[in-house]
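Scroll down for the structure; my scribbles are underneath it.
The values are calculated or read from the model by the stated rules, or taken from the named source; none is laboratory data. For clarity, every value in this text was computed on a predicted model and none was experimentally measured. Note that each Cβ is placed from the backbone with ideal geometry, even for glycine, and that neighbours are counted across all protein chains shown.
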Amino acid sequence: MITTLPALALVGGGALGSTIRPGPKVRGIVAHLVGGLVLGTAAADLMPSATAAGHPLALAIGFCLGFSLLLLINRFVDDSRQSELSRPRPMVLLLLPFLIDSMIDGLVVGVSGDVGENGWVISVAIAMEMGLAALGLGTLLGRGGSRWRSTVAGSLMAVIYLAGLLASHLIKQLLEGPGMTGLLAFGTAALIYLAVEEVMKEAHRDGEEDSGIVNVALFIGILSVWLLDRA
């Protein structure tokens, strides 16, 4: 199934994290392409589906819960990044925010998979994003020759992602009407946050390439989803 692709990307990214590191141009192009695919999917599929259901209160509650939870997770991730610059941190504490994020990504992929005819696009986009995240985390954990830590981290993230994916299917069977609308709104908020506050912020941090071809990748991603939705 295409929804398991992010899990494979996590395992692969973790395994490669201690041996390779993408250049700034490659990271920039992939990050912008992922951002475009994610934003395009949210705008073309999830938002119209949640709106058409006709439950504005559930929509508002789900959307607010979505971005609030991601803000909380991002705070833990920022703390982990700051600790990298100060002192070594235990592997479990460093990995915890990424495991939570993997769970959320699994829920989002599961929710969006049945929305529209091109639900597979978000699986591909999140697979690219999570693969790069595991690669970056694996690079950090693999310093000093401890390559097994990188592989274990990617594998754990893959397992948690699959747990989130399974949970989304179970939740969808129990929800209908306003509950399903809230779940779609939650997924929409999570996708927008992923694109704007994680992928794009990472792509434009100090030291990353910001050339024209890198920025064009964002619009190529959006246009691709738009054309697929119209096909």
Checking 87, 75, 81 in turn, the sole residue that is loosely packed, with under 15 Cβ neighbours inside 10 Å and at pLDDT 75 or above turns out to be 75
Looking for something over 19 Å from residue 2 (Cβ atoms), modelled with pLDDT under 85, out of contact with any Asp or Glu (no Cβ under 7 Å at 6 or more places or on another chain) and buried (at least 19 other Cβ atoms within 10 Å of the Cβ) - is there at least one such residue anywhere in segment 165-178? no
If I ask for residues that are modelled with pLDDT under 75, polar (S, T, N, Q) and either surrounded by 15 or more Cβ atoms within 10 Å (Cβ to Cβ) or part of a helix (DSSP H, G or I) (or both), which ones from segment 1-31 would you list? 18
Residue list for segment 137-164, restricted to those being exposed (fewer than 15 other Cβ atoms within 10 Å of the Cβ), at pLDDT below 65 and on the phi < 0 side of the Ramachandran plot: 143, 146
Which of the residues that make up segment 32-55 are closer than 10 Å to residue 185 by Cβ, part of a helix (DSSP H, G or I) and out of contact with any Leu (no Cβ under 8 Å at 6 or more places or on another chain)? 47
